[in-house]
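Step one of this worksheet: look at the structure below.
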């Protein structure tokens, strides 16, 4: 027997009122060079009022921020990804500091953190880069967008030992257990939910998401990665945030429009947009 064909649903048929926010997208990458304008138009039509575009090093930011010059709905995040921790040099930290001073659309430091899944960067280098960016965020008074994969205990220990309890921090791309969520929330931080919450095998994640306080919850795509159902396995894009919103609303027994607006308001408050 063959596999059942997936029905690809146009996100615009599930559009929500303008007011949503995709809090974490990588729209500057080459995967969007052929149709970036169309992607941004679809996002707006789907109900996204704003999108957070994440730049992974200051060189990329300087070279590609102009792609969004005509799109005031796109705000920026800038950091060094843990897998590229070796790029978190004194020179690049100085460039990041200067960029935040000069560009008002830069709203958060990140994504930064620890990633022990991939072996691209030694753990000691990742830790040093993470701590350096935490210092930067505190120095310039900006929130932190956190990346954590297979390094939860060490990430939490670093944050807690350095006094980041109640500091504005967003745990990006959350996919963890209830105990992890409780510890994140106890530290006063926010949680961002990606399209993986729509996957059939992620019932446990939906149970966790159902218990996150409404005022701490954000939505994201992490595009071009982690497309939600029914677009899993294809390039992700901001418009697909609507599928995540509908899944989160169903898990919480809530109205999708209410979840959409509340998560959007949370993002605007967190990033100060």
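The values are calculated or read from the model by the stated rules, or taken from the named source; none is laboratory data. These numbers come from a predicted model, not from an experiment. Cβ coordinates were reconstructed from backbone atoms using ideal geometry, including for glycine residues, and neighbour counts include every protein chain displayed.
In this structure, does residue 5 turn out to be more than 24 Å from residue 262 (Cβ to Cβ) and loosely packed, with under 12 Cβ neighbours inside 10 Å?
Against the criterion (more than 24 Å from residue 262 (Cβ to Cβ) and loosely packed, with under 12 Cβ neighbours inside 10 Å), residue 5 qualifies.
Return yes or no: is residue 239 more than 15 Å from residue 18 (Cα to Cα), outside any loop (DSSP other than H, G, I, E, B) and at pLDDT 95 or above?
no
Taking region 15-42 only, how many residues are under 19 Å from residue 55 (Cα atoms) and in contact with a strand residue (DSSP E or B) (Cβ under 7 Å, 6 or more places away or on another chain)?
Adding up the residues that qualify gives 8.
Residue by residue, here is whether (1) closer than 18 Å to residue 47 by Cα; (2) free of Cβ contacts under 8 Å to residues at least 60 places away in the same chain; (3) surrounded by 22 or more Cβ atoms within 10 Å (Cβ to Cβ) holds:
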residue	(1), (2), (3)
207	no, yes, no
223	yes, no, yes
235	no, no, no
242	yes, no, yes
250	no, yes, no
253	no, yes, no
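Output the residues belonging to region 160-176 that are at pLDDT 95 or above and either surrounded by fewer than 16 Cβ atoms within 10 Å (Cβ to Cβ) or more than 21 Å from residue 108 (Cα to Cα) (or both). Walk me through how you get there before you give the answer.
In the first step, residues of region 160-176 are kept if they are at pLDDT 95 or above; the result is 160-175.
Selection gives 160, 161, 162, 163, 165, 166, 175.
Here are the criteria: (1) crowded, with 17+ Cβ neighbours inside 10 Å; (2) under 30 Å from residue 34 (Cβ atoms). Tell me which single one residue 199 does not satisfy.
(1)
Just one of 185, 170 is within 30 Å of residue 66 (Cβ to Cβ) and not in a loop (DSSP other than H, G, I, E, B); which is it? Steps first, answer last, please.
On the way: 185 fails: within 30 Å of residue 66 (Cβ to Cβ).
Matching residue, one of 185, 170: 170.
Determine which member of the set 132, 137, 128, 157 is out of contact with any helix residue (DSSP H, G or I) (no Cβ under 9 Å at 6 or more places or on another chain), surrounded by 13 or more Cβ atoms within 10 Å (Cβ to Cβ) and either free of Cβ contacts under 8 Å to residues at least 24 places away in the same chain or part of a helix (DSSP H, G or I) (or both).
Answer to the check: 137.
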